[in-house]
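> One structure coming up, written as structure tokens, with questions to follow.
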Amino acid sequence: MLNRRTLRIKIMQSLFAFDQCREANHLLALDLIEERFQYDLNSMEVQNKELLRDQKKTAVSLFEKRYKGKETSESPDPKIEKSAVDALELFAKQVKKDQSFLSKNIIVETEKLADLYHSVLSLILEFADLAAQEKKTSHANFVNHPWVKAIRANTELTAQVLKKDRAWHSQKDLVRGWFREIVKEDSYYKEFIAASNPDEESQRQIIKHLVRKLILGAGPINDYFEDLDIRWSEDRDIIKSLTDKTIKSFADNTITLQKLSLDWEDDKNFVNKLFESTINLDVQYKQLIAQNTKNWEVDRLPLTDRIILEMALAEMIHFPNIPVKVTINEYIELSKEYSTPKSRQFINGILDVMAKTMKESGAIKKSGRGLIDNK
């Protein structure tokens, strides 16, 4: 099942992508200005190259000041003014488009985890079907495995696989190759199908081995899922956890399909709110980060550290039911996993200081569960 840390990781990844989009959009805006003041070789009118260069330089300067939020007066040159205005409008339009796409994409990418989980379970059934077709060697221990039968009998799984079109029918040759070259050649699998009467523990272990070692372990099947999912290095552990819980759920010849979330609507609200509030973090809090990073300008911080700090502040401010200590601990863990070796101590120190400052100013207001450990 998903936890909030996984959701924070997804949000962090999208914020990283958003920052890169902003840079690309900034370059697009500058390209627009460049085009407006290009020397036109096909023009019949006499053109002043030096004047065009000066106009472009002035338009770029005007755009950059407005881009940074500085007050500027209108340029007396209509062409310069329009170029700066159009560039800024193009930038804003593209940023809004990217923000909307990435916000929705976090949800799409997260929901895709359920599809991947269902695909892994249904792949076991495909292997069992191929095993049943074998003539030279009996695979009865696997084909008649009670856990395999329980998966096959789970109508919810069948419905989900068909609904999302995650069946393996179009990949028959690929799956057949995996079964022949990976499953059938595995020594643990060979030992299991050769056993005269596998006990319950052996049955549990073969399914766990099949999933963890043969499907999700290093090898061609794992590579296939990695090609499908750009975040597979992080998502694989979630799929492993969901599948492990499914194995453990086996009782009375049935399995319980795991839910991605206990309250997906609440989790989606968390994702959308944290993503948007981090992007729209008030400039005063960005300045607070700058003031507490020992003469480092906020824009010169490692990007991952800056995103982590901004997410943490947004969470402290906009989620009154989450204790400050929980927030700090969560982002320390993210820094350990995704930032530089020294980031953990850096993030910890900065967040402690800023949390104290914001509590004193009243920027952080907690209620309910958020009051825990905030003294």
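> Does residue 137 fit the bill of being in a loop (DSSP other than H, G, I, E, B), over 25 Å from residue 238 (Cα atoms), out of contact with any Phe, Trp or Tyr (no Cβ under 8 Å at 6 or more places or on another chain) and not assigned by TED's automatic domain parsing to the domain that holds residue 11?
Details: in a loop (DSSP other than H, G, I, E, B): yes; over 25 Å from residue 238 (Cα atoms): yes; out of contact with any Phe, Trp or Tyr (no Cβ under 8 Å at 6 or more places or on another chain): yes; not assigned by TED's automatic domain parsing to the domain that holds residue 11: yes.
When the stated conditions are applied, residue 137 passes them.
> Can you find even one residue in the range 224-234 that is part of a helix (DSSP H, G or I), over 23 Å from the mean Cα position of the chain (by Cα), free of Cβ contacts under 8 Å to residues at least 24 places away in the same chain and in the same structural domain as residue 118 (by TED's automatic domain parsing)?
So in the range 224-234, the residues part of a helix (DSSP H, G or I) come out as 224-228, 232-234.
Those still in the list that are over 23 Å from the mean Cα position of the chain (by Cα) too: none.
Within the range 224-234, none of the residues are part of a helix (DSSP H, G or I), over 23 Å from the mean Cα position of the chain (by Cα), free of Cβ contacts under 8 Å to residues at least 24 places away in the same chain and in the same structural domain as residue 118 (by TED's automatic domain parsing).
> Restricting attention to the range 97-113, does a residue exist that is assigned to a helix (DSSP H, G or I) and more than 30 Å from residue 11 (Cβ to Cβ)? Before you say what the answer is, go through the steps one by one.
From the range 97-113, those assigned to a helix (DSSP H, G or I) are 97-113; that's our starting set.
If we keep only those that are more than 30 Å from residue 11 (Cβ to Cβ) too, we end up with none.
No, every residue in the range 97-113 fails to be assigned to a helix (DSSP H, G or I) and more than 30 Å from residue 11 (Cβ to Cβ).
> Can you give me the number of residues within the range 92-110 that are in contact with a helix residue (DSSP H, G or I) (Cβ under 8 Å, 6 or more places away or on another chain) and under 23 Å from residue 261 (Cα atoms)?
So the first thing to find is which residues in the range 92-110 are in contact with a helix residue (DSSP H, G or I) (Cβ under 8 Å, 6 or more places away or on another chain), and the list is 94-95, 98-99, 102-103, 105-107, 109-110.
Checking which are under 23 Å from residue 261 (Cα atoms) leaves us with 102-103, 105-107, 109-110.
The total comes to 7.
> Here's a follow-up. With in contact (Cβ under 8 Å) with a residue 12 or more places away in the chain, more than 29 Å from residue 155 (Cα to Cα) and either part of a loop (DSSP other than H, G, I, E, B) or more than 23 Å from the chain's Cα centre (by Cα) (or both) as the only criterion, which of 281, 274 stands out?
Working: 274 fails: either part of a loop (DSSP other than H, G, I, E, B) or more than 23 Å from the chain's Cα centre (by Cα) (or both).
Every option except 281 fails the conditions.
> If you don't mind, there's one more thing I want to ask. Looking at 75, 61, 14, which one is among the polar types (S, T, N, Q), within 30 Å of residue 257 (Cα to Cα), surrounded by 12 or more Cβ atoms within 10 Å (Cβ to Cβ) and out of contact with any strand residue (DSSP E or B) (no Cβ under 8 Å at 6 or more places or on another chain)? Lay out the reasoning, then the answer.
Details: 75 fails: within 30 Å of residue 257 (Cα to Cα); 61 fails: within 30 Å of residue 257 (Cα to Cα).
Only one candidate qualifies: 14.
> I've got another one for you. Out of all the residues in the range 64-80, which are farther than 11 Å from residue 36 by Cβ, out of contact with any Phe, Trp or Tyr (no Cβ under 8 Å at 6 or more places or on another chain) and not polar (S, T, N, Q)? Explain how you work it out, then say what you get.
Within the range 64-80, the first condition is being farther than 11 Å from residue 36 by Cβ, and the residues that meet it are 64-78.
Next, only the ones that are out of contact with any Phe, Trp or Tyr (no Cβ under 8 Å at 6 or more places or on another chain) stay: 64-66, 68-78.
Across the range 64-80, the qualifying residues are 64, 65, 66, 68, 69, 70, 71, 74, 76, 77, 78.
> I've got another one for you. Do you know which of the residues in the range 290-307 that are of a type in the set (A, V, I, L, M) and within 21 Å of residue 17 (Cα to Cα) is modelled with the lowest pLDDT? Quick ask: steps written out before the conclusion?
First pass over the range 290-307, keeping only residues of a type in the set (A, V, I, L, M): 290, 298, 301, 303, 307.
Remaining after also requiring within 21 Å of residue 17 (Cα to Cα): 298, 301, 303, 307.
Details: 298: 52, 301: 70, 303: 87, 307: 95.
Of everything passing the filter in the range 290-307, 298 is modelled with the lowest pLDDT.
The values are calculated or read from the model by the stated rules, or taken from the named source; none is laboratory data. Predicted model, so just to flag it, every value in this text is computed and none were measured. Backbone-built Cβ (ideal geometry, glycine too); neighbour counts: all protein chains shown.
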